[in-house]
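**Student:** Dropping a structure here in structure tokens format, bear with me for questions.
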Amino acid sequence: MASQMANIPALKDLQGQLTARMTKAVEDFRTNLMAVRTGRASVHMLDNIRVDYYGSEMPINQLAQLSAPEPQQIVVQPFDIGVVGLIEKAIRTSGQGFNPMHDGKTIRVPIPPMTEERRKEAVKQLAGILEDHKTAIRNIRRDGNDTIKKATKDKLISADDEKRAQEETQAMTDAQIKTLDDMFKVKEKELLTV
């Protein structure tokens, strides 16, 4: 779809900014989807876990090499053997139901099969994250519409251009929200399938 805003000099940059911000929100949601626990092991399940490392919170993937050699296990190999205990504690207390074990050098995280209750809880949590990202996209739309109204008020664009630009902004918003919904439905199906 050709952009109407790109043809209006006063709004040329706005269309690119809105697209970039909305795309960033969608990518953030995609990252959140990868971190949601399913029945199969994925190194992304540990993405949201932070380790207290010398007074600062560090993501596990900056402190160790992560791999999923088996469908039901994640292997964590710390770069510094001195942090094995810290990483194990962070994984254990993450609230994701993991019970890691280590041999002094390597941490093994078995991924237990998800119960039906845990699956439904994960879907509910994911629905909340979805709603947060939809709200973020709507806020981006609001910011865009405010900029369009200001341009009209400052006599930089006509009322017709304002209407077309707002319609285009709404179409962008609808498309991004549909993308979020589609991604959610795929993950929901994956979570609820035993």
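The values are calculated or read from the model by the stated rules, or taken from the named source; none is laboratory data. The structure displayed is predicted, hence computed values, not measured ones. Please note: Cβ atoms are built from the backbone with ideal geometry, for glycine as well, and neighbour counts cover all protein chains shown. For the accessible areas, the whole protein counts, side chains as well, though only heavy atoms, and no ligand, DNA or RNA atoms are used. Shrake-Rupley method; radii C 1.70, N 1.55, O 1.52, S 1.80 Å.
**Student:** Using unit Cβ charges (K, R positive; D, E negative) and no other charged atoms, how large, in debye to the nearest 20, is the dipole of segment 1-57 about its Cα centre?
**Tutor:** Details: 7 positive and 6 negative charges, 44 e Å.
That gives segment 1-57 a dipole magnitude of about 220 debye.
**Student:** Separate question: What are the ³J(HN,Hα) couplings of segment 65-72, residue after residue, when phi is run through the Karplus curve with 6.51, -1.76, 1.60 and θ = phi - 60°? Round to Hz, x for glycine and proline.
**Tutor:** After applying 6.51 cos²θ - 1.76 cosθ + 1.60, I find 8, 10, 8, 10, x, 10, x, 10 Hz.
**Student:** Rounded to the nearest whole Å², what accessible area per residue is found for segment 43-110 with the 1.4 Å probe?
**Tutor:** Value returned for segment 43-110: 55 Å² of accessible area per residue.
**Student:** Against the 2.2 N^0.38 Å scaling, with N counting residues, where does the chain land? I'd like the Cα-based Rg ratio to two decimal places.
**Tutor:** 1.36
**Student:** Could you tell me the largest-minus-smallest coordinate of the C-alpha atoms of segment 43-110 on each of the three principal axes, in descending order and whole angstroms?
**Tutor:** 34, 23, 17
**Student:** Additional query: Which one of Leu11, Leu180, Leu130 has the biggest mean-square fluctuation once the chain is modelled by GNM with Cα springs under 10 Å?
**Tutor:** Looking only at Leu11, Leu180, Leu130, the largest GNM fluctuation is found for Leu11.
**Student:** Which far-off residues, 5 or more places away or on another chain, put their amide H under 5 Å from the one on Gln65, with H placed in the peptide plane?
**Tutor:** Residues meeting the criterion, in which the H sits 1.01 Å from N, are Gln77, Phe79.
**Student:** Ok, one more. Using a Gaussian network model of the chain whose springs link C-alpha atoms within less than 10 Å, name the residue from Met172, Met58, Met34 with the highest mean-square fluctuation.
**Tutor:** Evaluated over the chain, the most mobile residue of the options is Met58.
**Student:** ³J(HN,Hα) across segment 80-97 via Karplus (A = 6.51, B = -1.76, C = 1.60, θ = phi - 60°), whole Hz, x for Gly/Pro?
**Tutor:** For segment 80-97, the Karplus-derived couplings read 10, 4, x, 9, 3, x, 5, 5, 4, 5, 4, 5, 5, 8, 6, x, 9, x Hz, x marking Gly and Pro.
**Student:** Sticking with this one: For the chain, with only Lys/Arg (+1) and Asp/Glu (-1) charged at the beta-carbon, what is the dipole magnitude about the Cα centre, in debye rounded to 20?
**Tutor:** Details: 29 positive and 28 negative charges, 41 e Å.
Taking the Cα centre of the chain as origin, the dipole is about 200 debye.
**Student:** With the chain treated as a Gaussian network of Cα nodes joined by springs under 10 Å, which of Gly97, Gly144, Gly55 yields the largest mean-square fluctuation?
**Tutor:** Of Gly97, Gly144, Gly55, the Gaussian network model singles out Gly55 as fluctuating most.
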